[in-house]
Amino acid sequence: MLRCLTLTAEKDTEKIEDIRRSAEFIDAVEIRLDLCEAKTPEMVNSVVAESRRAGCGSVILSYRRPQDTADGPSDERDLRQEELRRDTLRRALQPGVSFVDLEYDATDDELRRRAESLGIRLIRSVHDFTGVPEELPEIVRSIAAAGGIPKIACYPRSSGQVLQLVRMCGEVQDVEEKIILGMGVFGFFTRTAPWICGSMLTFVSAGEKLAAPGQIGPREMEEIYEASRHGKKTVLFGIIGNPVMHTRSPHLHNRWFTDDGLDAVYLPFHVDDAGSFMELAETIGVRGFSVTVPHKQRIMEYLDSADEGVRRIGACNTVLRQRDGWYGTNTDLEGFLEPLKSLLAEGRIRQALVIGAGGAARTVVYALRQQGIEVTIVNRTAEKARALAAEMGAGCTGLEAAENASGAPFDLVVQTTSVGMEPVIEGDPLPQFRFSGSETVYDIIYAPEKTRFLRRAEDAGCRVIGGRGMLQAQAELQYTRFRDSYNLWV
Ligand code: NAP
């Protein structure tokens with residue numbers, strides 16, 4: 001699979017510099033004449049020469065029309081402009097250019113002839129920023145039949161559309177040379193694992209300016225997703241969420257896969273509909289995935305089986321493909337207990353106060369109750385605290401009562417609300433609560449590392465635990481499950 005650097009730097013000299021800097025991470029370079037200061041044969045010549053020096057085998061030449069860019073349609077579609085564009089593109093063709101990109105709906109016999117005489121292959125492209133073209137298979141076939149390389153860059157706007165894109169790519173898998181990429185967050189995995197759509201290359205861009213929505217840099221593509229190492233046989237894992245692009249999980253899991261020498265990749269899937277994702281997962285052969293907000297509950301209806309924790313908590317953060325179907329487990333449970341291990345072993349936790357009654361609180365309360373600890377729940381919405389307490393055999397109390405009780409009776413206080421989490425880090429869920437100094441205070445928020453609540457507890461002399469340990473522990477546990485799943489399928 002080729003990794004192609006689209007040259008997007010503002011100045012032409014910086015473009016040359018970008019090739020030098022990215023050399024070890026790329027196999028090809030795309031010159032977008034529309035993004036060049038000098039749209040001249042000399043400019044193209046200097047890029048070709050630099051690409052050779054950098055060891056990049058292929059150079060793609062394109063001159064994008066305004067309507068084929070993320071900036072959207074332009075009024076400047078008059079014939080004179082178009083003729084100028086074509087003329088510039090034709091004149092820039094020269095030995096050393098491997099491919100020239102001509103839009104599918106444009107005809108240019110002169111450019112075609114000139115390209116042919118220089119041994120330059122023709123890419124015929126469709127850029128659809130509105131969605132996924134329904135006639136994608138027909139377009140791909142007609143371009144391939146005419147000897148061109150089809151390039152479809154489309155913009156799936158939902159999990160349903162990305163599923164449709166992947167299915168249509170399946171219909172044309174016999175067309176070997178093609179480029180098909182989904183832009184934006186829904187299509188992100190088609191860039192980092194381009195073989196899923198049967199694409200012969202993926203585009204990356206250096207620096208601040210992206211050539212298209214969803215692109216990442218060459219170093220990121222290689223260091224996080226190891227694009228050069230993977231291909232059709234690579235086993236797929238990932239994480240589903242909405243949003244999901246901020247997650248650091250791909251950094252962790254991909255590093256562990258590499259350390260263990262496994263041909264597997266962990267991809268972020270932006271998902272707005274769990275059902276469509278499950279169909280996608282079946283279609284492309286996902287063997288396990290992490291689940292994050294807001295899908296931890298919704299994913300349950302698609303599981304064929306689940307462990308007791310998942311059934312009791314009603315939330316699942318890890319899904320594995322077993323031989324007989326999808327199996328759900330919840331590593332948040334063990335992950336949460338991990339930093340408390342020694343305290344639990346010493347029997348030093350008997351009474352706990354849990355602040356919050358949301359999804360994470362369900363896991364926390366269940367985990368503590370499993371350990372035989374008495375739990376009292378307090379939550380902004382009292383009714384939710386009452387319901388959770390009744391379900392888990394815990395007690396509950398009101399906000400005011402909890403603040404007045406302050407400290408003393410509890411060995412452990414667990415903060416599970418989102419109050420104090422980035423970006424609003426100055427929040428405190430129980431501002432009047434006074435710590436005695438003897439309790440352990442555990443805030444499961446991991447960004448920031450220490451919340452205001454936790455800093456207050458520390459100042460009062462409490463032993464404090466932040467959420468990063470839980471995050472790391474649940475991810476490590478998840479990884480061991482993914483590794484088992486890998487071994488089952490390979
Ligand atoms: P959730 O289901 O949406 O629950 C949010 C909880 O926060 C509810 O109890 C809610 O109270 C309370 N809350 C929200 N805004 C509030 C406010 N302004 N004042 C008082 N209470 C407020 O969310 P979740 O999935 O449980 O996640 C909660 C936190 O846990 C997040 O910060 C998440 O990052 C963290 N977490 C960490 C880990 C880890 O590995 N460290 C794992 C999972 C979750 P109401 O019921 O009154 O709305």
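The values are calculated or read from the model by the stated rules, or taken from the named source; none is laboratory data. This structure is a prediction, so every number in the text was calculated from the model and none was measured. So basically every Cβ, Gly included, is an ideal-geometry build from the backbone, and we count neighbours across all protein chains shown.
For the subset of segment 349-366 comprising residues that are under 34 Å from the mean Cα position of the chain (by Cα) and over 20 Å from Asp428 (Cα atoms), which member is farthest from the ligand (Cβ to nearest atom)? Among those that are under 34 Å from the mean Cα position of the chain (by Cα) and over 20 Å from Asp428 (Cα atoms), it is Tyr366.
For (1) hydrophobic (A, V, I, L, M, F, W, C); (2) in the same structural domain as Ile152 (by TED's automatic domain parsing); (3) farther than 30 Å from Arg157 by Cβ; (4) surrounded by fewer than 16 Cβ atoms within 10 Å (Cβ to Cβ), each residue gets a yes or a no:
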| position | (1), (2), (3), (4) |
| --- | --- |
| Met43 | yes, yes, yes, no |
| Glu50 | no, yes, yes, no |
| Ala54 | yes, yes, yes, no |
| Asp71 | no, yes, no, yes |
| Tyr104 | no, yes, no, no |
| Thr107 | no, yes, yes, yes |
| Glu110 | no, yes, yes, yes |
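Rundown of residues vs (1) under 19 Å from Arg350 (Cα atoms); (2) at pLDDT 95 or above, yes/no style:
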position	(1), (2)
Ala394	yes, yes
Ser406	yes, no
Arg434	no, no
Ser438	yes, no
Lys450	no, yes
Leu454	no, yes
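Within segment 35-54, how many residues turn out to be touching a Ser or Thr at 6+ places or on another chain (Cβ under 7 Å) and of a type in the set (A, V, I, L, M)? So the answer is 1.
Confirm whether Leu430 is in contact with a Phe, Trp or Tyr (Cβ under 9 Å, 6 or more places away or on another chain) and more than 25 Å from Asn317 (Cα to Cα). Here the answer is yes, as Leu430 does meet what is asked. Between a first residue in segment 124-141 that is more than 25 Å from Asp109 (Cβ to Cβ) and a second residue that is assigned to a loop (DSSP other than H, G, I, E, B) and of a type outside the set (Lys, Arg), which pairs have beta carbons less than 6 Å apart while being 6 or more apart in sequence or on different chains? Every condition considered, the pairs that remain are Phe129/Tyr155; Val132/Pro156; Pro137/Val172.
Kindly establish whether Ala70 is modelled with pLDDT under 95, within 26 Å of Thr190 (Cβ to Cβ) and not in a strand (DSSP E or B). So Ala70 passes the test. For segment 1-17, name all the residues that are part of a helix (DSSP H, G or I) and touching a Gly at 6+ places or on another chain (Cβ under 8 Å). Within segment 1-17, Glu14 is the sole residue that qualifies.
Scanning segment 287-321 for residues that are over 25 Å from Ala357 (Cβ atoms), surrounded by fewer than 24 Cβ atoms within 10 Å (Cβ to Cβ) and either among the polar types (S, T, N, Q) or in contact (Cβ under 8 Å) with a residue 24 or more places away in the chain (or both) yields a total of 5.
Scanning segment 159-211 for residues that are among the acidic types (Asp, Glu) and within 24 Å of Ile26 (Cβ to Cβ) returns Glu176, Glu177, Glu208. Looking across Val413, Val419, one residue alone is more than 9 Å from the ligand (Cβ to nearest atom), of a type outside the set (Lys, Arg) and modelled with pLDDT of 95 or more. It is Val413.
Checked against (1) more than 15 Å from the ligand (Cβ to nearest atom); (2) over 26 Å from Val293 (Cα atoms), Arg369 passes all but a single condition, namely (2). Considering the conditions (1) modelled with pLDDT under 95; (2) within 12 Å of the ligand (Cβ to nearest atom); (3) crowded, with 19+ Cβ neighbours inside 10 Å, Ile444 is excluded by exactly one of them, (1). Looking only at residues in segment 279-302 that are of a type in the set (A, V, I, L, M) and away from the ligand (no atom under 13 Å from the Cβ), which one is farthest from Ile196 (Cα to Cα)? Checked segment 279-302; the qualifying residue farthest from Ile196 (Cα to Cα) is Met300.
What is the number of the single condition among (1) within 12 Å of the ligand (Cβ to nearest atom); (2) in contact with a strand residue (DSSP E or B) (Cβ under 7 Å, 6 or more places away or on another chain) that Arg468 does not meet? Arg468 satisfies all of (1) within 12 Å of the ligand (Cβ to nearest atom); (2) in contact with a strand residue (DSSP E or B) (Cβ under 7 Å, 6 or more places away or on another chain) except (2). Scanning segment 237-286 for residues that are among the β-branched types (Val, Ile, Thr), surrounded by 15 or more Cβ atoms within 10 Å (Cβ to Cβ) and part of a loop (DSSP other than H, G, I, E, B) returns Val244, Val271. Does Thr331 count as surrounded by fewer than 18 Cβ atoms within 10 Å (Cβ to Cβ) and touching a residue at least 12 places away in the same chain (Cβ under 8 Å)? For Thr331, the condition - surrounded by fewer than 18 Cβ atoms within 10 Å (Cβ to Cβ) and touching a residue at least 12 places away in the same chain (Cβ under 8 Å) - is not met.
If you filter segment 374-396 down to residues that are under 20 Å from Phe453 (Cα atoms) and away from the ligand (no atom under 14 Å from the Cβ), you find that the one that is surrounded by the fewest Cβ atoms within 10 Å (Cβ to Cβ) is Thr376.
Scanning for something aliphatic (A, V, I, L, M), over 27 Å from Asp128 (Cα atoms) and either modelled with pLDDT of 95 or more or not assigned by TED's automatic domain parsing to the domain that holds Arg113 (or both), does segment 89-97 turn up at least one residue? No, because not a single residue in segment 89-97 is aliphatic (A, V, I, L, M), over 27 Å from Asp128 (Cα atoms) and either modelled with pLDDT of 95 or more or not assigned by TED's automatic domain parsing to the domain that holds Arg113 (or both).
For every residue, the table says whether it meets (1) within 14 Å of the ligand (Cβ to nearest atom); (2) within 30 Å of the chain's Cα centre (by Cα); (3) without any contact (Cβ under 8 Å) to a residue 24 or more places away in the chain; (4) in a loop (DSSP other than H, G, I, E, B).
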position: Phe435; (1), (2), (3), (4): no, no, no, yes
position: Glu449; (1), (2), (3), (4): yes, yes, yes, yes
position: Arg456; (1), (2), (3), (4): no, no, no, no
position: Gly461; (1), (2), (3), (4): no, no, no, yes
position: Ala475; (1), (2), (3), (4): yes, yes, no, no
position: Asn487; (1), (2), (3), (4): no, yes, yes, no
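For segment 303-334, filtering for residues that are within 11 Å of the ligand (Cβ to nearest atom) and within 22 Å of the chain's Cα centre (by Cα) leaves 5. Pairing residues of segment 411-428 that are within 17 Å of Val365 (Cβ to Cβ) with residues that are within 11 Å of the ligand (Cβ to nearest atom) and assigned to a loop (DSSP other than H, G, I, E, B), at Cβ distances under 6 Å and at least 6 apart in sequence or on separate chains, gives Thr416/Gly356; Thr416/Ile444; Thr417/Gly356; Thr417/Pro429. Among the residues of segment 18-47, the ones that are closer than 10 Å to Leu7 by Cα and assigned to a helix (DSSP H, G or I) come to 5 in all.
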